[in-house]
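Notes for the one structure printed next.
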Amino acid sequence: MKKKRKKRNKTSIITSLSNLFPWGKSKKRKKHRSKSKKTTKTQSTKPTKKRLLEEKKKKRQRKKRLQLLQDLLLAIAGASVLIPLGVSFFIQFSTITGYGMSPTLRNDDVVIVNKTKELKRFDLVLFKKGNTTQIRRVIGLPGEIIEYREDHLYVDGQKIDEKFIVDEVNESQRNGMNFTEDFTIADMISQQMIPKGKYLLLGDNRSYATDSRHYGLVDVQMIVGVVKMKVLPLEDFQVY
């Protein structure tokens, strides 16, 4: 019995010493720590993969956005260059100088000109005259015989009404005068018919305007285009 008690006393002493000096538990603690590290590693790897995937998605989205932005900027830049070029190719703004087209167009009026060579009778056209430009009305077309007699326009022998100057003609006749002086194409050139590629252009203000009666028929190459609308002043806006 005494031997057993001695053994028990020894074991109790060892356990008490191990409790006081915990180097005996270090191995167990190390094992526990290693297990916990493994679990944390396995737990931490899962969210990092998700994060990586999310970051990749975000990067792709950013790249797409940047690409879209670049494409948009390129489109805007291209449009800012091409649109003015296209506009300047098809239309032109022109400011009226003088009173040769009064009352239809007055000094400082601004008009839009469509750059076309397809001309009809009574179109208002912008054409080059030396270093300047003028706007006059198409009266005679190529191949036509034109004559003015007693304030009436005759085209190939048929009388044509000029409705745009009716008031002016009536006023002149009340005063005992013709608004348009009598003349024929033969008075201007050595033939009665307007040659190919030539046009007879007159101002609406017949007694004041300088036009084909003074400088001759106008070549189609000198014509810039047809006046389509008056935009200034705004209160006189008009489409032709």
For this session: Return the only residue of ILE160, ILE165, ILE135 being free of Cβ contacts under 8 Å to residues at least 40 places away in the same chain and in the same structural domain as VAL220 (by TED's automatic domain parsing).
Result: ILE160
For this session: Within region 148-199, count every residue that is closer than 19 Å to ARG121 by Cα and in a loop (DSSP other than H, G, I, E, B).
Result: 11
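ARG121: part of a loop (DSSP other than H, G, I, E, B), at pLDDT 95 or above and surrounded by 12 or more Cβ atoms within 10 Å (Cβ to Cβ), yes or no?
yes
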Exercise. Which members of region 162-218 meet the condition of being surrounded by fewer than 13 Cβ atoms within 10 Å (Cβ to Cβ) and of a type in the set (A, V, I, L, M)?
Worked result: VAL166, MET177
For this session: Scan region 197-229 residue by residue and report those that are among the basic types (Lys, Arg), modelled with pLDDT of 95 or more and over 21 Å from VAL155 (Cα atoms).
Result: none
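The values are calculated or read from the model by the stated rules, or taken from the named source; none is laboratory data. Computed from a predicted model, the values in this text were never measured in an experiment. With ideal geometry, Cβ positions are generated from the backbone for all residues, glycine too; neighbour counts draw on all protein chains shown.
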